[in-house]
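Peer 1: Before we start, here is the structure in question, set down as structure tokens.
The values are calculated or read from the model by the stated rules, or taken from the named source; none is laboratory data. Note that this is a predicted model, so its numbers are computed, not measured. Note that we place each Cβ from the backbone using ideal geometry, even for glycine, and neighbour counts take in every protein chain shown. Heads up: the accessible areas ignore ligands, DNA and RNA and are worked out on the full protein's heavy atoms, side chains in. Shrake-Rupley method; radii C 1.70, N 1.55, O 1.52, S 1.80 Å.
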Amino acid sequence: MKASARAHTNIALIKYWGKADADLMLPANSSISMTLDKFYTDTTVEFVDGQTEDSFVLDGQKQDAAATAKVGKILDLVRQMSDLTAGARVSSQNHVPNAAGLASSASAFAALALAASRAAGLNLDAAALSRLARRGSGSASRSIAGGFVIWHRGHDDLSSFAEPLPVADNLDLRMVTVLIDKQQKKVSSRSGMAHMAATSPYFHAWTAACEAACPQMATALAAGDFAQIGALAERNALMMHATNMAANPPFMYFEPTTIATLQYAAELRAQGLPVYATMDAGPNVKLLCQATDADKLAALVSQRIGTQTEICAPGPAAHLLEED
Ligand code: 2P0
């Protein structure tokens with residue numbers, strides 16, 4: 001009745017930004033991501049006979065009712081699937097430093113889906129785990145798989161899941177995370193994407209562009225075409241931010257240093273260093289490069305922008321940890 005699991009964070013190359021169904025957490029478009037080796041969440045779930053309530057401890061701190069209810073949504077789905085009624089003790093350790101400016105909901109809900117389902121005696125396949133993680137947070141569907149991952153938009157609960165994408169043997173990508181602001185974001189992903197979808201005249205153009213970009217990105221990954229991967233990713237990220245700037249009222253995640261970093265990436269590229277930028281629902285920038293350039297790029301960016309950087313390689317799929 002107890003299991004522990006580890007899942008890694010992911011960064012989208014073609015983004016999920018807008019829902020088709022907020023209850024089932026179906027996205028408005030398919031998306032593609034890279035799972036990162038450096039950052040992950042470890043979670044232990046134990047269903048306790050006779051316990052009626054769930055409890056949730058994160059990084060040693062007991063969490064409030066709202067955070068426990070989010071975890072409870074996944075636990076309830078697992079209880080339905082396994083005919084369990086017992087409450088659960090959930091304990092998580094985030095190895096996603098706040099300072100990295102990376103979201104942890106993807107790794108958190110992926111680790112929870114795997115640990116909770118195994119603790120309940122279920123043996124879900126990767127697609128079923130991805131669907132379960134999706135119900136907690138959309139991007140978590142992609143953190144069940146390692147390497148490069150596509151989340152198929154689908155049209156219902158069964159058809160919306162993520163799976164690994166084949167990539168060329170010679171493709172050795174790195175993502176350099178550039179810390180620009182450690183503050184909690186002003187507009188959460190969930191509310192930002194809902195507001196954009198409801199008010200931005202670019203919303204339909206955005207989702208159509210993502211649907212067109214996914215097969216192009218899959219082809220570029222399979223071919224090991226780094227320049228095409230980078231160009232598609234950078235353009236997709238900027239397009240996502242353009243949809244937000246066209247919302248009513250408009251909002252944006254850019255800080256002055258964000259722009260400086262984007263411009264520096266373009267400058268380095270013009271000088272012959274192949275690097276492309278992406279960014280998510282916050283001001284931090286992630287730079288895509290080839291493994292051979294990663295150390296040099298991280299050093300140059302730290303020097304010019306004066307911020308902390310981390311070099312990430314493709315990370316593994318979510319997996320069970322040894323029992324205590
Ligand atoms: C992504 N992001 O594809 C996009 C790009 C942020 C920007 O997925 O409401 O935390 O829990 O499904 O998954 C962040 O959104 O939102 C996200 P919910 P989630 O990575």
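Peer 1: Give the Kirkwood hydrodynamic radius (Å, one decimal) of the chain, defined as one over the mean of 1/r across all pairs of different Cα atoms.
Peer 2: 19.9
Peer 1: May I pose another question? Enter the angle in degrees (range 0 to 90, nearest 10) between the Cα long axis of helix 203-223 and the first principal axis of the Cα atoms of the chain, meaning the one along which they spread out most.
Peer 2: The angle comes out at about 80 degrees.
Peer 1: Let me ask you something else. Is the stretch 173-312 best put as rounded, prolate or oblate by its Cα gyration tensor, with a ≥ b ≥ c the root eigenvalues, rounded for a/c under 1.5, and otherwise prolate when a/b is larger than b/c, oblate when not?
Peer 2: In terms of gyration-tensor shape, oblate.
Peer 1: Cα to Cα, under 15 Å, and not fewer than 8 places away if on the same chain: which aspartates and glutamates meet these conditions relative to K38?
Peer 2: Partners within reach: E310.
Peer 1: Given the C-alpha centroids of the stretch 24-67 and the stretch 233-289, what is the distance between them in whole angstrom?
Peer 2: What the calculation gives is 29 Å, centre to centre.
Peer 1: How large is the charge dipole for the chain, taken about the Cα centre, if only the Cβ atoms of Lys, Arg (+1) and Asp, Glu (-1) carry charge, to the nearest 20 debye?
Peer 2: 700
Peer 1: Find out how many positive minus negative residues lie around Y16, taking Lys and Arg as positive, Asp and Glu as negative, among other residues whose Cβ is under 11 Å from that of Y16.
Peer 2: Neighbourhood net charge equals +4.
Peer 1: Measure up K62/K296; K19/K296; K73/K186; K2/K286 against 30 Å on the Cα-Cα distance and list the ones that go over.
Peer 2: K62/K296; K19/K296; K2/K286
Peer 1: Helix 65-82: angle to the longest alpha-carbon principal axis of the chain, degrees 0 to 90, nearest 10?
Peer 2: 70
Peer 1: Quick one: if you stick a label point 7 Å off each Cα along the C-beta vector at A231 and Q271, how many nm between them?
Peer 2: 2.3
Peer 1: With a 1.4 Å probe and all protein chains in place, put K62, K70 in order of accessible area, largest first.
Peer 2: Largest accessible area first, the list is K62, K70.
Peer 1: Report the calculated FRET efficiency for F251 and A205 (r = Cβ-Cβ distance, R0 = 22 Å), to the nearest 0.05.
Peer 2: 0.75
Peer 1: Within the stretch 25-54, what residues put their amide N at less than 20 Å from the label point 7 Å along the Cα-to-Cβ vector of K182?
Peer 2: 38-41
Peer 1: Another question, then. For the stretch 143-199, what class follows from the C-alpha gyration tensor (a ≥ b ≥ c being the square roots of its eigenvalues): rounded when a/c is under 1.5, otherwise prolate if a/b is larger than b/c, else oblate?
Peer 2: Since a/c reaches 1.5 but b/c is at least a/b, the shape of the stretch 143-199 is classed as oblate.
Peer 1: Follow-up question, since we're still on this one. From the phi angles alone, apply the Karplus equation (6.51, -1.76, 1.60; θ = phi - 60°) to the stretch 42-57 and give each ³J(HN,Hα) in whole Hz, x where the residue is Gly or Pro.
Peer 2: With coefficients 6.51, -1.76 and 1.60, one gets 10, 9, 10, 10, 10, 7, 10, 4, x, 8, 9, 9, 8, 10, 9, 10 Hz.
Peer 1: Next question, about the same structure. Could you give the nm distance between label points at A66 and L122, where each point is 7 Å from its Cα heading toward the beta carbon?
Peer 2: 2.7
Peer 1: Mind running the shape call on the stretch 68-165? Use the C-alpha gyration tensor, a ≥ b ≥ c as the square roots of the eigenvalues: rounded below 1.5 for a/c, prolate if a/b tops b/c, oblate otherwise.
Peer 2: Oblate shape, in that a/c is at least 1.5 and b/c is the bigger or equal ratio.
Peer 1: Over the chain, average the accessible area per residue using a 1.4 Å probe and give it in Å², no decimals.
Peer 2: Heavy-atom SASA per residue in the chain reads 43 Å².
Peer 1: May I ask you to order 270-277, 212-219 by the average number of other C-beta atoms within 10 Å around their residues, highest value first?
Peer 2: Ranking, from highest mean packing down: 212-219, 270-277.
Peer 1: Would you tally the net charge around L129, using a Cβ to Cβ cut-off of less than 12 Å, leaving L129 out, and scoring K and R as +1, D and E as -1?
Peer 2: +3
Peer 1: Turning to a different aspect of this structure: If the chain between L238 and A168 were fully stretched, how many nm would it gain, using 0.36 nm times the residue separation less the Cα-Cα distance?
Peer 2: Gain on stretching L238 to A168: 22.6 nm.
Peer 1: Going by Cα centres, the stretch 294-324 and the stretch 99-141 are how many Å apart?
Peer 2: Centre-to-centre (Cα) distance: 21 Å.
Peer 1: Okay, moving on. Set the Förster distance to 45 Å, then compute FRET efficiency between D21 and D49 from the Cβ-Cβ distance, nearest 0.05.
Peer 2: According to the calculation, E is roughly 0.80.
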